[in-house]
Each structure stands twice: as structure tokens, then as C-alpha cells.
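See structure below.
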Ligand SMILES: [Mg+2]
């Protein structure tokens, strides 16, 4: 089997999403203490502000499910809503939420990479075109990973996310590669592994926590518990 393309999930495949998001939320909260004190007086810590924002976010999605991939817009909108509730004008709320979002995006792009993550990208990128496919709002270009990734495909830009076929097909079509010549690497059994399986791509499950595979109807082509196992696993797949 000649492998011609490797796609990569980002969040929880290359870094801990929980950690980078908590760091970002904490940093944004610190900024809001300076530029929106009425808000941080109302919501006395990061988590209570986060929960309030999430509550509004969910209410919007219940009415407008098509917004679910527009996570940047939703983040700005939910914060602006809370700012309005504590007495900021629409103009003030909009300006503050833009600043908060800009700070969030700076911090969002300062992840602590898992062991071997960058080394594995470097190794694989010498042999295969790599494509980042994400449902989140981390951008491979902004991460400084353009040396490794040839393309970046996001649900936010595409309007459709994994496990739908469209993001995978966008990668395959760009390189003129058929599904069976491509491998998708990710941590999520449904979004990543089912998504790849459903269109006939090979899949590699990064099972960082050593969990038991639960799905009966499909399974990953390859499973690893450490990123550093990936290059050898890809080589074995290449020999099949
Ligand atoms: Mg993931």
C-alpha cells in the first residue's frame, strides 16, 4: 500500500486542549479585570465567567445549530452579551469582546506540545504531505507549523466539521489522493476515527490515556499510546 497523504487532528492530539484552554481563559480573565471590571466583579473567577458564557452559548446553539462551528463568532457574541448585562453599552461590549478574543487567540496558540509531537511532525513531513484538520480554532500557520503542514482545514472556515466527509475530502481532493492512500491521525473515536473510516481512509487512534476501544462497528487501522510510536507504525502500514 502506497501512502500518499497524512492528515492530523490538532486539539488533544498535539497538546492538551484542557490545559491550553484553561491557560487562555485565565489570561483573558486577567485582561477583563483591567478593561471590564464590572464584568469580573459580577463573575468573581474564571470558572463562573466561563459557565455563564457557556450557558448563553448553549442557548444560542439550541436556536441556531448552524452556528456550532462558528466558534470565534460565538465566543465574541457570548462575551458581548454578558458585558451588556452588566451595563456596558453595545459599542463598549463589542470593543471589549474583540480585545478579549484577540488575547484568547494569542494564548490559544501557545500550547504545551505533547512529548515528541514536533519531532513526529518533522519526521513525517519529510516523507508525506501533512494536512491539519481541526474542528477547533487553533491554526497551524499561527502556531508556526507551516514547515510541517502543507494545508490547514478548519470546520470554522468550511462550515462543516469532522466526522462529516467534507473536511477529509477537501484534503484528498487538494492532493488528488484516493481515501485508501491516506491516513488520518487523531484522538477522537468518533470525529477522527469514524470520520476517516466512513470515507475509506486509514486511521490512527492516538490513545494517550490507554483506554479500551468501545466501538463495535468500526475500529482504527492503527492504535498508539504515544506519539513517538507513530513513524514506525506508519512504516508498518506502508508495508501492508
Ligand atoms: Mg482532538
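Every read-out reported here was derived from the displayed coordinates using simple, explicitly stated rules and does not represent laboratory data. All values derive from a computational prediction rather than experimental measurement. Don't worry about glycine lacking a Cβ; one is built from the backbone with ideal geometry, like all the others, and counts go over all protein chains shown.
Structure above, values below:
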quantity	calculated
Complete set of residues in segment 186-198 that are more than 10 Å from the ligand (Cβ to nearest atom) and in contact with a strand residue (DSSP E or B) (Cβ under 9 Å, 6 or more places away or on another chain)	189, 193, 194, 195, 196, 197
In segment 134-177, the residues that are within 16 Å of the ligand (Cβ to nearest atom), part of a loop (DSSP other than H, G, I, E, B) and under 20 Å from residue 101 (Cα atoms)	135, 136, 137, 138, 139, 140, 143
Residue match in segment 10-18 (condition: closer than 30 Å to residue 113 by Cβ and over 19 Å from the mean Cα position of the chain (by Cα))	no
Subset of segment 4-54 [touching a strand residue (DSSP E or B) at 6+ places or on another chain (Cβ under 6 Å) and surrounded by fewer than 19 Cβ atoms within 10 Å (Cβ to Cβ)]	15, 17
